[in-house]
1. Would you calculate, for the chain, the mean residue ellipticity at 222 nm contributed by helices, counting each DSSP H stretch of 4 or more residues as -39,500 (n - 2.57) and dividing by all residues, to the nearest 500?
2. Just report the Cα centroid separation between the range 140-210 and the range 43-120, whole Å.
3. Suppose every Lys and Arg Cβ carries +1 and every Asp and Glu Cβ carries -1, with no other charges. What dipole size does the range 7-86 come out with about its Cα centre, to the nearest 20 debye?
4. Counting heavy atoms of the protein chains only and a 1.4 Å probe, report the per residue accessible area for the chain as a whole number of Å².
5. In the range 123-216, if the dipole is taken from +1 on Lys/Arg beta carbons and -1 on Asp/Glu beta carbons about the Cα centre, which of Pro204, Ile136, Gly123 is farthest to the positive end?
6. With a 1.4 Å probe and all protein chains left in place, how much of the accessible area of the range 30-69 comes from carbon and sulfur atoms, in whole percent?
7. Is there a quick way to get the dipole size of the chain? I mean about its Cα centre, with the Cβ of Lys and Arg at +1 and of Asp and Glu at -1; what is the value in debye to the nearest 20?
8. Normalising by the residue count of the chain, find the relative contact order in percent from Cα pairs under 8 Å and 6+ residues apart.
Amino acid sequence: MQAGKPILYSYFRSSCSWRVRIALALKGIDYETVPINLIKDGGQQFSKDFQALNPMKQVPALKIDGITIHQSLAIIEYLEETRPTPRLLPQDPKKRASVRMISDLIAGGIQPLQNLSVLKQVGEEFQLTWAQNAIISGFNALEQILQSTAGTYCVGDEVTMADLCLVPQVANAERFKVDCTLYPTISSINKRLLVLEAFQVTHPCRQPDTPTELRA
């Protein structure tokens, strides 16, 4: 099915890109990274070449199996359907619904409200407060939900798509100085996930386009 090595258009700090990098790592898929700097040159995502690749002018985009897919959850679901091992969606329909609910809560209800394009509209003076409010509102709900779904990870004891969304969002929360100790369930799951190799090698501090001062 695969025609050549997949190409991931990514930005080191993009939480959406990080989700996909984790999925690729967990499934053992070798890929090439093409960095798209969201800040340099006014934002490389606005170039004509990249806009032709993704009309939404966002990362990530993944070229794989002769197609190009945008939107991180759509990419992860495609990888799950075409490369089902290890699985990132539970077999049980109720658990699968919980995974999708948590993933959508983060990917649709928290992350977009504090991403770069929205913060530009808010204005520099209000960016930190805006981002904090968006994350806190979402984490208040997420903490409550996870208390009923979590085992070792977000849903039970297997790593799922929900966990791929959680870790990058916690990193965003920490970057925006949100007190994550107020969310013990979120924090404990995040801590357990960060020791796993797939989450470590895909971390923003270890990407080809990570600035030298942010490398680990």
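The values are calculated or read from the model by the stated rules, or taken from the named source; none is laboratory data. Because the structure is predicted, anything quoted here is derived from the model rather than measured. Don't worry about glycine lacking a Cβ; one is built from the backbone with ideal geometry, like all the others, and counts go over all protein chains shown. The accessibility values were calculated without ligands, DNA or RNA, using every heavy atom of the protein model including side chains. Shrake-Rupley method; radii C 1.70, N 1.55, O 1.52, S 1.80 Å.
1. Helices in the chain give a 222 nm mean residue ellipticity of -15500 deg cm²/dmol.
2. 17 Å
3. Numbers: 9 positive and 8 negative charges, 55 e Å.
Approximately 260 debye in magnitude.
4. Using a 1.4 Å probe on heavy atoms only, each residue of the chain averages 50 Å².
5. It is Pro204, whose Cα lies furthest towards the positive end.
6. Details: 1210 of 2300 Å².
After summing per-atom areas, the C and S share lands at 52 percent.
7. Values: 22 positive and 21 negative charges, 27 e Å.
Taking the Cα centre of the chain as origin, the dipole is about 120 debye.
8. Once divided by the residue count of the chain, the mean separation gives 23 percent.
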